[in-house]
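Inspection log for the structure reproduced underneath, given as structure tokens.
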Amino acid sequence: MVVTQRRGRRIMMTDAERDTYLAKQRTCRVATVSADGRPHIGALWFAWDGTSLWLYSITRSLRWSQLRQDPKIAVVVDDGVEYGELRGVELSGEAAFVGEAPRTGEACPELDLPERLFAAKYFGMDVMPHDGRHAWLRLTPEAITSWDFRKLANPA
């Protein structure tokens, strides 16, 4: 069950706006936490399938090892330069490891859609190339918050 956004309803994106936004944006910032509670934030590429955010992470990264210890994760995708242009989405929940790690292309039906979306978005290809260093994390968010400050100037 996704937690419903309570504050900022005036600037909240609709589901369709959010889906379009996440499909077009290229980089997200991923926050994980160490065993002693210290946060770690890093940039990643991602794919959004309308339900889950798919993160393609290096398996030897600090992010990967922290998520193995504690799967809690928060992700922000945002853009805008001037105040009235700011918009974004924050998703949080627990990361799930999907497929083999590192990913070599072994058959995994659950990865068919995210790999097609990712390959098209970042490589302009129909098939996902595998480098033997990355693997998939799935975030099916427990909470989603969005904002689009452009709505302040142009109320719908």
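The values are calculated or read from the model by the stated rules, or taken from the named source; none is laboratory data. Quantities reported herein were computed from a predicted structural model and do not represent experimental measurements. Here the Cβ is made from the backbone with ideal geometry for all residues, glycine too, and neighbour counts use every protein chain on show. Note: accessible area is taken over every heavy atom of the protein model, side chains too, but ligands, DNA and RNA are not part of it. Shrake-Rupley method; radii C 1.70, N 1.55, O 1.52, S 1.80 Å.
Quick notes on this one:
- Taken over region 117-132, the residue count meeting the criterion of being surrounded by 14 or more Cβ atoms within 10 Å (Cβ to Cβ) and not small (Gly, Ala, Ser) is 6.
- Check on Ser92, of a type in the set (Ser, Thr, Tyr), under 24 Å from Gly8 (Cα atoms) and either in a strand (DSSP E or B) or in contact with a strand residue (DSSP E or B) (Cβ under 8 Å, 6 or more places away or on another chain) (or both): yes
- Glu106, sole failed condition from (1) open to solvent by 40 Å² or more (accessible area, probe 1.4 Å); (2) under 26 Å from Phe149 (Cα atoms); (3) modelled with pLDDT under 95: (2)
- Residue in region 104-127 that is closer than 30 Å to Asp36 by Cα and not small (Gly, Ala, Ser) present: no
- The numbered conditions (1) outside any strand (DSSP E or B); (2) modelled with pLDDT of 95 or more; (3) open to solvent by 30 Å² or more (accessible area, probe 1.4 Å) are all true for Val76 except (1).
- Check on Ser57, touching a residue at least 12 places away in the same chain (Cβ under 8 Å), touching a helix residue (DSSP H, G or I) at 6+ places or on another chain (Cβ under 6 Å) and buried (at least 19 other Cβ atoms within 10 Å of the Cβ): yes
- Selection status of Ala35, at pLDDT 95 or above and of a type outside the set (Lys, Arg): no
- Among (1) among the basic types (Lys, Arg); (2) outside any helix (DSSP H, G or I); (3) within 17 Å of Ala135 (Cα to Cα) - the single one Arg10 does not satisfy: (3)
- Residue in region 28-50 that is outside any strand (DSSP E or B), touching a strand residue (DSSP E or B) at 6+ places or on another chain (Cβ under 9 Å) and open to solvent by 60 Å² or more (accessible area, probe 1.4 Å) present: no
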